[in-house]
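Structure, as structure tokens:
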């Protein structure tokens, strides 16, 4: 069966894996034939990365889904990687628990894809990186070796912290098949407040709120089209989420309202904020040191900004020269500009999707050689 083009390449077939053995067989066959494999599931972040050098087969893991084990008393669950975030949330809600990691389009985004792509969402303020909520994983390496790490395993034989390593490698080292997750209790109450402001006002107030030390659950600014989508007419919307015991949320709400005029809105507003980069036809993720002022004022941009995390998504295409300048300015201050959604020609013209690599090339090459010696998994997607 054929498939639509990916980075200008048309894979010859799609292999739909329903078991771990199917994953092993598909990757082993690619090694034997000297072909390239792209691992996919929810396809919400399949465009992230440099243009693929080759792609012969798409290895589809969306059928590898379902809850394997849930130890509610220990706040631990083991789940197949193709399980969507929505399905996981529904299964865990029966015991009033959750995996506190958010990503865009949760009805399509999968647990494995969220981990592999280190997906960024509103939960980063309070719960940090997706890898911080993984206890163990079972993966198939690029050489078709099946490896289990973390969980009940005392020591990884390779010496690497494998469980955390897979997060952010975008399927270039291994296909994630199964993960054991750390869970939290669902908060007794969750409230979202929205203040309609100009972009500079929203940035100033967001900084003030964050520096107070108030235990906010999420903090974001929508600018341009994303702000209009949630009913703002003032150029930007500052969204503040409070979660926890009902009494504590009420106290926090009073503290926030003393600092900014805002109104209660539906908690579902965060779904749109998180999903905006997924639904955009062009998107760049930019970042800057948290203690610094960003080299962008965001006025006139369609953007979703996470000011307390020093990160934002630009959601409307800008000319290549302007993007190169933005990237250069951000990298000069220790930040970054990564293309999340753009055509292969655009990526090549601006020097690649990633910009300056945070990992020395020698280390990246060594990891690729160790886990995928024949380079069959998404060759070219990450710099090396």
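Throughout, read-outs are computed from the coordinates displayed, never taken from laboratory work. This one's a predicted model, so the numbers in the text were calculated from it and none came from an experiment. Cβ: placed from backbone, ideal geometry, glycine included. Neighbour counts: every protein chain shown.
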Round to the nearest 10 and give me the degree value, 0 to 90, for the angle of helix 20-33's Cα axis relative to the longest principal axis of the chain.
60 degrees
May I ask you to sort 369, 172 by Cβ crowding, counting other Cβ atoms within 10 Å and putting the fewest first?
369, 172
The residues 262, 146, 55, sorted from fewest to most surrounding Cβ atoms within 10 Å, come out as 146, 262, 55
Please report the projected area of the stretch 83-240's Cα convex hull averaged over all directions, in nm².
11.4 nm²
Provide 20, 5, 102 in ascending order of the number of other Cβ atoms located within 10 Å of each residue's Cβ, fewest first.
5, 20, 102
Please report the projected area of the stretch 189-349's Cα convex hull averaged over all directions, in nm².
9.0 nm²
Any idea how far apart residue 185 and residue 19 come out in nm if each label point goes 7 Å out from Cα toward Cβ?
4.1 nm
Rounded Å value of the spacing that divides the Cα centres of the stretch 333-351 and the stretch 234-290
27 Å
By how many nm would the segment from residue 145 to residue 96 lengthen if fully extended, with 0.36 nm per residue of separation less the alpha-carbon distance?
14.0 nm
Residues listed by number, the stretch 201-216, amide nitrogen under 13 Å from residue 254 label point at 7 Å toward C-beta
none
